[in-house]
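Report on the following structure.
The values are calculated or read from the model by the stated rules, or taken from the named source; none is laboratory data. Since this is a predicted model, take the numbers as computed values, not measurements. Cβ coordinates were reconstructed from backbone atoms using ideal geometry, including for glycine residues, and neighbour counts include every protein chain displayed.
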Amino acid sequence: MKSSKDSTCAGSLGSCAASGDLHAECNFVSDGYITHSPRVPMKPPLNSLVTFFVIVQIAILALASFSFAEKVHATEIGKRLEASANVLDQIMSSPDMTIPSQVLAEAKCIAVVPSLIKVALGVGGRHGKGVATCRIANGWSAPGPISVSGGSIGPQIGGQAVDVIIVVMDENAFKRLLSSKFKIGADVAGSPGPKGQKSGDTDWRKAEILSYSKSHGVFAGLNLKGAAVKQDKDAIVELYGRYVPIASILEGKLHAPAESDTFLAAVRKYTAEALRSKMHSKVPAGLTAFNNRAAGSAVH
């Protein structure tokens, strides 16, 4: 017959087993004697640990690859936007090599293609990628990625890569740009743009699109007849995270992403200067002189 002490030990054994504590110490009854024995912790199988660490490493590599791909894409379109801003800065930095204020003041859209290159030896056609922005109620729209291909830009450029600026001047050309694709010379009338602030040429007012080129420091009007301008869908997805028709972008329905800040700042700067210059040129000379004297008197 078991003693009350034995029963207590037996109860302790049951409690210990029920607790599931791997490190608990339990009392066992053997032939009427109480023995004190620590519970030995169980080790998980080695294969389970290996599998767990392999899964973790795969997950880390997958996340790293995804982040790297996203960074590369952002960098590609970001470089295009930065290069477009640089083209504007370089062209507008010299009074003799600049787009006239009258042109920029009346522009409905401005597109920049940082590097238009020849697609094949002996072929006049070229290809390049750029960005466009259009006037909206509160300034300029978010940039719409575009591509330019085909056509001939004349023997003066030769086999060189050339920076191109396209200025949309009227409503028809603006609507064509919104349609996602148009051809210069067929859908809209294009013409080489005048250059220099003192340019007296007024024939450009008949054109729907004016185009300019810069190559090795030489800036000139450019004939893009036959070239097709269309939206760059892949770049739109990269810049905005999803495909959006270029019409929605250029009509101001999307917020400009941070990558476009430098490009849009350049557009705003030079078009604002052009508007001020245009307004100043309309003021009669006598009134301008009077205003200058009045301003000088106010300072004193």
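From Glu208, Glu273, grab the single residue that is over 24 Å from the mean Cα position of the chain (by Cα), of a type in the set (Asp, Glu) and crowded, with 19+ Cβ neighbours inside 10 Å. It is Glu208. Given the criteria surrounded by fewer than 18 Cβ atoms within 10 Å (Cβ to Cβ) and not in a helix (DSSP H, G or I), does Arg242 qualify? Answer is yes for this residue. Criterion applied to Lys198, Lys253, Lys230 was being modelled with pLDDT under 80, charged (D, E, K, R) and assigned by TED's automatic domain parsing to the domain that holds Met169, and the one residue passing it is Lys198. Screening Leu210 against (1) outside any helix (DSSP H, G or I); (2) at pLDDT below 90; (3) touching a helix residue (DSSP H, G or I) at 6+ places or on another chain (Cβ under 9 Å) leaves a single unmet condition, (2).
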